[in-house]
Amino acid sequence: MISKAGLGSRTQARSWIHARRVSVNGRVVENPDEWIDFEKDRILFDGKPLEVREKIYILLHKPVGYITTFKDPEGRPTVYDLIREVNTFVSPVGRLDLETSGLLILTNDTQFAERMTNPDHKVAKTYLVECADPLSDAALDALRAGVELSDGPTRPALVRRVEGLVEIVISEGRNRQVRRMIEAVGSQVVALVRPQIGTVGIEGLESGRWRHLTERELEKIR
């Protein structure tokens with residue numbers, strides 16, 4: 001509930017609870033998994049009532065070299081370094097790895113995030129890939145049909161050639177999925193960018209910059 005209220009990540013919330021900073025109905029609670037009723041129970045954080053913060057939705061043009069976590073033990077830059085002006089905690093909706101750039105959505109709306117990342121809802125994610133070796137027509141057909149990965153076959157993808165690159169549209173979000181798909185058909189990814197999720201794109205947004213999603217964009221995604 002602390003995470004859903006927008007105060008921080010689940011990991012942060014657990015650490016705050018263990019630090020005895022949270023009370024429920026006047027009693028300090030140290031078990032992060034204790035069941036509560038947000039409508040009936042009185043929850044205090046640092047002595048102040050826990051309130052659900054206004055929902056915000058951010059579109060970030062992630063550059064290469066940033067990781068999609070709040071902190072990194074190796075000290076690498078994270079996407080949170082790029083959104084310091086945002087005064088409410090937001091979580092990434094899915095991830096982009098260190099060497100992948102492009103569109104990343106961050107929000108404190110956990111239901112929205114779950115819907116976006118659940119493959120049952122088939123939210124389309126568009127990627128542009130530069131391959132080390134040109135892909136044959138047979139390789140493109142294999143991607144369209146679905147390829148076998150270590151965690152099972154992929155769903156059929158929409159694939160086409162675009163100005164020397166390969167555009168791949170998928171509705172899943174497995175770890176490093178597009179890179180593994182390219183490897184499965186005999187090549188390697190040289191560069192990877194995600195320009196679009198659903199009908200929302202990063203056109204006009206400089207690398208490293210962010211903006212709020214518009215109501216029109218949110219409706220289209222939903």
Arg176 vs. criteria on the phi > 0 side of the Ramachandran plot, surrounded by 12 or more Cβ atoms within 10 Å (Cβ to Cβ), within 23 Å of the chain's Cα centre (by Cα) and among the basic types (Lys, Arg): yes
Counting only residues that are more than 17 Å from Ile67 (Cα to Cα) and crowded, with 16+ Cβ neighbours inside 10 Å, region 184-194 contains a total of 4
When you go through Ser15, Ser3, Ser23 one by one, which is the residue that is in contact (Cβ under 8 Å) with a residue 60 or more places away in the chain, of a type in the set (Gly, Ala, Ser) and either within 30 Å of Glu206 (Cβ to Cβ) or surrounded by 11 or more Cβ atoms within 10 Å (Cβ to Cβ) (or both)? Ser3
Determine if region 156-172 includes at least one residue that is within 26 Å of Glu85 (Cβ to Cβ) and not β-branched (Val, Ile, Thr). no
Restricting attention to strands (runs of 3 or more DSSP E) lying wholly within region 1-65, give those where 1 or more residues are basic (Lys, Arg) and assigned by TED's automatic domain parsing to the domain that holds Glu114. 57-62
For Gly186, indicate whether it is in contact (Cβ under 8 Å) with a residue 24 or more places away in the chain and under 19 Å from Ile58 (Cβ atoms). no
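This table checks each residue for (1) surrounded by 15 or more Cβ atoms within 10 Å (Cβ to Cβ); (2) more than 19 Å from Leu213 (Cα to Cα); (3) in contact with a helix residue (DSSP H, G or I) (Cβ under 9 Å, 6 or more places away or on another chain).
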site	(1), (2), (3)
Ile58	yes, no, no
Val64	yes, yes, no
Val93	yes, no, yes
Phe112	yes, no, yes
Val123	yes, no, yes
Residue ID - nearest to Ile56 (Cα to Cα), chosen from residues in region 66-124 that are of a type in the set (Gly, Ala, Ser) and touching a residue at least 40 places away in the same chain (Cβ under 8 Å): Ser91
Would you confirm, using the coordinates I've provided, whether Gly47 is of a type in the set (Gly, Ala, Ser) and modelled with pLDDT of 95 or more? no
Determine whether region 183-197 contains at least one residue that is under 30 Å from Ala145 (Cβ atoms) and of a type in the set (Lys, Arg). yes
Between a first residue in region 200-222 that is on the phi > 0 side of the Ramachandran plot and small (Gly, Ala, Ser) and a second residue that is surrounded by 14 or more Cβ atoms within 10 Å (Cβ to Cβ) and in a helix (DSSP H, G or I), which pairs have beta carbons less than 6 Å apart while being 6 or more apart in sequence or on different chains? Gly208/Leu82
Could you tell me which of the residues Thr78, Thr68 is modelled with pLDDT of 90 or more, in contact with a strand residue (DSSP E or B) (Cβ under 8 Å, 6 or more places away or on another chain) and surrounded by 17 or more Cβ atoms within 10 Å (Cβ to Cβ)? Thr68
Single residue of Leu104, Leu143 found to be buried (at least 18 other Cβ atoms within 10 Å of the Cβ), closer than 20 Å to Arg211 by Cα, at pLDDT 95 or above and in contact with a helix residue (DSSP H, G or I) (Cβ under 8 Å, 6 or more places away or on another chain): Leu104
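The values are calculated or read from the model by the stated rules, or taken from the named source; none is laboratory data. Note that this is a predicted model, so its numbers are computed, not measured. With ideal geometry, Cβ positions are generated from the backbone for all residues, glycine too; neighbour counts draw on all protein chains shown.
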